[in-house]
Protein chains: 2
Amino acid sequence: MSVTRERIIELGENLILTKGYNAFSYQDISTELGIKNAAVHYYFPTKANLGTSIVKTNILRFEEMIDNMHSRGFDEWKQLDAFIKIYIKSHREQKLCIVGSLGPDFDTLNETTQSELVKMTELIVSWLTEILNSGKEKGYFAFNEDAGNKASMIFSSLVASLQLSRIIKNLDYKSYCQAIQEGLKP
Amino acid sequence: MSVTRERIIELGENLILTKGYNAFSYQDISTELGIKNAAVHYYFPTKANLGTSIVKTNILRFEEMIDNMHSRGFDEWKQLDAFIKIYIKSHREQKLCIVGSLGPDFDTLNETTQSELVKMTELIVSWLTEILNSGKEKGYFAFNEDAGNKASMIFSSLVASLQLSRIIKNLDYKSYCQAIQEGLKP
DNA sequence: TTGGAAACTTACTTATTAGTAAGTATTTTT
DNA sequence: AAAAATACTTACTAATAAGTAAGTTTCCAA
């Protein structure tokens, strides 16, 4: 694959996570990469193509992470911990996550980008639900709510707290994440 | 106050809650109101002015609601319930809340709009923290986390779940909100 | 009844946006 | 060595954005 193509996706993702989908332009990317506007259109004819590719890349990355954790024999605690660590990293880098950034702009997105975003979100929530369910069975976790609801709650807590910490600068993100984990202890 | 001015604010707020700040234009407003583009600029010279006014209106509305609940003698349960009901209504109307909509676009906002958004967010979180604290003392609520953390968690759950339900259409918002309240019962 | 403020419209400007058509240089394949 | 694919640039177009200056209508107060 082309290096330029990959750098466009990388830069585009960063722009979505910091400025938002509707606030970044092809000019932002081309200037940063030292190429012309039309060169970005060469790889991604429309902005919708780029958006879709960025979400697809995120899906792939997430699936790879799951595979990786399975092959390493991570238990439910470790898997949840690894997932939360992604968000702690994003917080450190002052970035949102792709779902939290594209979610509010959902209605302005192209249909294809929308369905990829739906796929990504459902993938995360269903994975989290499974982890919570099997972790509860094994006695790792304790909670009374429906596992699906609990998964949505944990996920939305992580997503929105990144947004909140952008507004409230002194939000203690780590202790906030610890509280999520503490709340699951038997 | 002018009716047109108020309708511009109302429409602008709706546009922010559905399309996002960077996706709506003065044209969207003027067309809907049957006036010209320049008429919107007459009331709000810049888009930043409009954005700031919209957030200020939200702050006022929230403060009025708190006052109203106090004068009606609402206890902590009823106050939290009323707060959650706002989000259930937003969900029904397929809207986000102002914090969840402007939060991701924070870095692209004017400084004045930013500081009003900070004010609004801190107002909500500190109010929620107080409610949780005094409600816990009176035995209405039970939780182990720090009240500030718990307040942030509840708030971000509400904010992000509106975003999530835009992506995952069959998310059961009401039972999700009930789970938040159940989790607080002693 | 006249002066002036309020509430606009007309008619623009400037900047930026996504997107394209046609051309060029470089590398790869045949 | 010729053909063709790759990776761009040049040079645009058309649309839309925010914003403004100057003029017009309407209404109210002195």
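At-a-glance table
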| quantity | calculated |
| --- | --- |
| When each of B:Lys89/B:Lys136; B:Lys19/B:Lys89; A:Lys19/B:Lys174; B:Lys78/B:Lys169; A:Lys119/B:Lys169 is checked by Cα-Cα distance, pairs over 20 Å | B:Lys89/B:Lys136; A:Lys19/B:Lys174; B:Lys78/B:Lys169 |
| Top of B:Gly103, B:Gly34, B:Gly139 by mean-square fluctuation, Gaussian network on chain B, Cα under 10 Å | B:Gly34 |
| Total formal charge among the other residues, if their Cβ is under 14 angstrom from that of B:Lys56, Lys/Arg +1 and Asp/Glu -1 | -3 |
| Teacher prompt: B:Thr31 distances to equivalent labels in other copies, 7 Å Cα→Cβ, nm | 2.8 |
| Other-copy label distances relative to A:Glu122, 7 angstrom Cα-Cβ extension, nm | 4.3 |
| GNM flexibility winner over chain A from A:Lys169, A:Lys119, A:Lys36 (Cα, springs under 10 Å) | A:Lys169 |
| Gyration tensor (alpha-carbon) shape descriptor, the protein assembly as shown, a/c threshold 1.5 | oblate |
| Cβ neighbours within 10 Å from other chains - mean over B:148-159 | 6 |
| Teacher prompt: B:Ser2 distances to equivalent labels in other copies, 7 Å Cα→Cβ, nm | 5.0 |
| Relative contact order (%) - criterion: Cα under 8 Å, at least six apart; region: chain A | 24 percent |
| Extension gain, B:Arg5 back to B:Leu60 (0.36 nm per residue minus Cα-Cα distance, nm) | 18.2 nm |
| Value of [θ]222 nm, deg cm²/dmol, for chain A, DSSP H segments ≥ 4, -39500 (n - 2.57) each, nearest 500 | -24000 deg cm²/dmol |
| Residues A:Ile29, B:Ile84 arranged by fewest to most Cβ contacts within 10 Å | B:Ile84, A:Ile29 |
| Chymotrypsin sites (Phe, Trp or Tyr not before Pro) within the range B:121-162, DSSP loop, no more than 11 other Cβ atoms inside 10 Å | none |
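Each reported figure results from applying straightforward, stated rules to the coordinates on display, with no laboratory input. As the structure is a prediction and not an experimental result, all values here were calculated from the model. Every residue, glycine as well, gets a Cβ built from its backbone with ideal geometry; the counts of neighbours run over all protein chains shown.
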